[in-house]
Amino acid sequence: TGEAVPRFDLKDAAALAELPVIAHVAPQATGSYPVVAGNANTSSQVAGSTADYLAVQNWPLALGRNFEPGEEQAGAAVCILGQTVRDKLFGSSDPLGETVRLRGLACQVIGVLTARGAGSFGQDQDDLVLIPIKTLHRRLKGDTEVSSISVALLKSVSSEAGIRSVQGLMRERREIEIGEADDFSVTDMK
């Protein structure tokens, strides 16, 4: 009987942010939810993360603004829409300041991401609603699990050195003994 692998949490992301090789850290949790605005509705991927998500993913905004620190801390009901969601719910009209409902949660639209198109597995990357991770945890999921943590290294740091640093810290935090295999994986997005 294999023990369940412990999930990441926000403390792991905070610890990674302290590493001297790291420029940005974005913890993520996701779920698929109905998204409604007025009479229009769709079902989309809802990702909870932090303002650093845009920097880590190198994903600029087309309209509006990013999350503010106070909104992240408070788990505010604000959201940034991917272009597909914007098109389905608002067409070409300006969604900034409008309200979308994610299940029972009414969110104010503060931004729209630039269009990305299909990802490497053919999924529509723009079919996304981004909200603060604490909002997702408290208002939609009811847990504090983090499914993945994305990091961006400082430009002066090699991928190899960055990965070693991240692995070392996570092994320490997860109390993995020398000689034991990692219970997590680190992927280089290059």
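The values are calculated or read from the model by the stated rules, or taken from the named source; none is laboratory data. Since this is a predicted model, take the numbers as computed values, not measurements. Glycine also receives a Cβ, built like all others from the backbone with ideal geometry; neighbour counts cover every protein chain displayed. Ligands, DNA and RNA are stripped out before the accessible areas are found, and what is left, the full protein with its side chains, is counted by its heavy atoms. Shrake-Rupley method; radii C 1.70, N 1.55, O 1.52, S 1.80 Å.
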- Message: Against the definition (aliphatic (A, V, I, L, M), assigned to a strand (DSSP E or B), open to solvent by less than 50 Å² (accessible area, probe 1.4 Å) and over 21 Å from Asp94 (Cα atoms)), how does Ala15 come out, yes or no?
- Response: no
- Message: Within the range 118-144, take every residue that is in contact with an Asp or Glu (Cβ under 7 Å, 6 or more places away or on another chain) and farther than 17 Å from Met189 by Cα and give me the one that is surrounded by the most Cβ atoms within 10 Å (Cβ to Cβ).
- Response: Pro132
- Task: Would you mind telling me which numbered condition in (1) part of a helix (DSSP H, G or I); (2) open to solvent by less than 50 Å² (accessible area, probe 1.4 Å) Ile80 fails?
- Result: (1)
- Name every residue in the range 150-170 that is closer than 14 Å to Lys190 by Cβ, without any contact (Cβ under 8 Å) to a residue 40 or more places away in the chain and open to solvent by less than 50 Å² (accessible area, probe 1.4 Å), in order of residue number. Ser159, Ile163
- Evaluate the following for Arg103: is it surrounded by fewer than 18 Cβ atoms within 10 Å (Cβ to Cβ) and touching a residue at least 60 places away in the same chain (Cβ under 8 Å)? yes
- Task: Being farther than 14 Å from Asp126 by Cβ, in a loop (DSSP other than H, G, I, E, B) and open to solvent by 20 Å² or more (accessible area, probe 1.4 Å) is the filter here, so list the residues in the range 44-70 that pass it.
- Result: Thr50, Ala51, Asn58, Arg65, Asn66, Glu68
- Message: Go through (1) in contact with an Asp or Glu (Cβ under 9 Å, 6 or more places away or on another chain); (2) part of a strand (DSSP E or B) for Gly31 and report which single condition fails.
- Response: (1)
- Can you tell which of Ala106, Ala161, Ala152 is out of contact with any Ser or Thr (no Cβ under 7 Å at 6 or more places or on another chain) and in a strand (DSSP E or B)? Ala152
- What number of residues in the range 89-100 are closer than 16 Å to Ala40 by Cβ and surrounded by fewer than 19 Cβ atoms within 10 Å (Cβ to Cβ)? 6
- Would you be able to tell me the number of residues in the range 117-149 that are without any contact (Cβ under 8 Å) to a residue 60 or more places away in the chain and in contact with a helix residue (DSSP H, G or I) (Cβ under 6 Å, 6 or more places away or on another chain)? 2
- For Gly38, state whether it is in contact with a strand residue (DSSP E or B) (Cβ under 8 Å, 6 or more places away or on another chain) and surrounded by fewer than 16 Cβ atoms within 10 Å (Cβ to Cβ). no
- How do the pairs read when you match residues in the range 6-32 that are in contact (Cβ under 8 Å) with a residue 24 or more places away in the chain and among the polar types (S, T, N, Q) with residues anywhere that are open to solvent by 60 Å² or more (accessible area, probe 1.4 Å) and not in a loop (DSSP other than H, G, I, E, B), using Cβ under 8 Å and keeping only pairs 6 or more apart or on different chains? Thr30/Gln45
- Task: For Val85, state whether it is in a helix (DSSP H, G or I), of a type in the set (Val, Ile, Thr) and under 18 Å from Ser49 (Cβ atoms).
- Result: yes
- Task: Return the residue satisfying two criteria in turn: it lies in the range 18-28 and is part of a strand (DSSP E or B) and over 11 Å from Ile149 (Cα atoms), and of such residues it is least open to solvent (accessible area, probe 1.4 Å).
- Result: Ile22
